[in-house]
Amino acid sequence: MQDDEQTAVKAVDGFWRRHFAQQFGQPYRSPRVAGAYTGTDGPSCGGEPSVPFNAFYCRPGDFLAWDEDLMAAGYSQIGDAWVYLIIAHEWGHAIQARLDNDLVSVAAELQADCLAGAALQGAADEGVIAIEPGDGEELAKTLAAVADDYPWTKESDHGSAEERTSSFNTGVQGGVSACI
Ligand SMILES: [Zn+2]
């Protein structure tokens, strides 16, 4: 699982490194990856303690972090696609933080799912990672199965499994432009 986390970080960062400037006309800066924590020992963000079983992008600190227990839950129930989705989604929030406000959707969570789809498909198209047919459905099943189980999948904050999958697929099919 940790190998997949590292591969996901490299693939997603690499995608944005290659495409952000061209897409948005400004230089790209990678967010910091604070990486894995367990339970309550995660990094605080803007004075707020990290939440167990969550993954997040911290805007004041410009870093990503995730609870290994959240990763392990999806990894064992569904598979590696879970890890890639979480990291690419949180990276999507880092991208949003770099954009003018008028480019950020009011449905920010769904836009982050779309950016995740665009980055992962882009990395796959460039041969960095492999997306298998059916990964989209796998993710839909995952999100439905764990809906509301974790802060990261709470429907009221993030949208339903169907909405999230649809947004992810919009990015897969249409690329970054389709998310903006
Ligand atoms: Zn989010």
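The values are calculated or read from the model by the stated rules, or taken from the named source; none is laboratory data. Here the structure is a predicted model, which is why all the values come from computation and not from measurement. Here the Cβ positions follow ideal geometry from the backbone for every residue, glycine too, while neighbour counts run over all protein chains shown.
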*asked:* Could you check the range 108-128 and list, in sequence order, the residues that are surrounded by fewer than 20 Cβ atoms within 10 Å (Cβ to Cβ) and more than 11 Å from the ligand (Cβ to nearest atom)?
replied: Ala124, Asp125, Glu126, Gly127, Val128
*If only one of Val104, Val176 is more than 15 Å from the ligand (Cβ to nearest atom) and among the hydrophobic types (A, V, I, L, M, F, W, C), which one is it?*
Val176
*Go over the candidates Asp67, Asp41, Asp62 one by one and state the one that is more than 18 Å from Tyr150 (Cβ to Cβ) and either charged (D, E, K, R) or modelled with pLDDT under 95 (or both).*
Asp62
*asked:* Tally up the residues in the range 1-37 that are in contact with a Pro (Cβ under 8 Å, 6 or more places away or on another chain) and closer than 17 Å to Leu70 by Cβ, please.
replied: 2
*Options Ala21, Ala81: the member that is of a type in the set (A, V, I, L, M, F, W, C), more than 16 Å from the ligand (Cβ to nearest atom) and in contact with a Gly (Cβ under 9 Å, 6 or more places away or on another chain)*: Ala81
*Kindly check whether there is at least one residue in the range 59-67 that is of a type in the set (Lys, Arg), free of Cβ contacts under 8 Å to residues at least 40 places away in the same chain and in a strand (DSSP E or B).*
no
_Test result for Ala65, in contact with a Phe, Trp or Tyr (Cβ under 9 Å, 6 or more places away or on another chain) and buried (at least 17 other Cβ atoms within 10 Å of the Cβ)_ = yes
*Among residues of the range 38-62, those that are surrounded by fewer than 16 Cβ atoms within 10 Å (Cβ to Cβ) and of a type in the set (Val, Ile, Thr), counted*: 2
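For every residue, the table says whether it meets (1) among the polar types (S, T, N, Q); (2) under 18 Å from Ala119 (Cβ atoms); (3) in contact with a strand residue (DSSP E or B) (Cβ under 8 Å, 6 or more places away or on another chain).
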site	(1), (2), (3)
Asp3	no, no, no
Ala8	no, yes, no
Gly14	no, yes, no
Arg17	no, yes, no
Gln23	yes, yes, no
Ala55	no, yes, yes
Gly61	no, no, yes
Leu99	no, yes, no
Glu109	no, yes, no
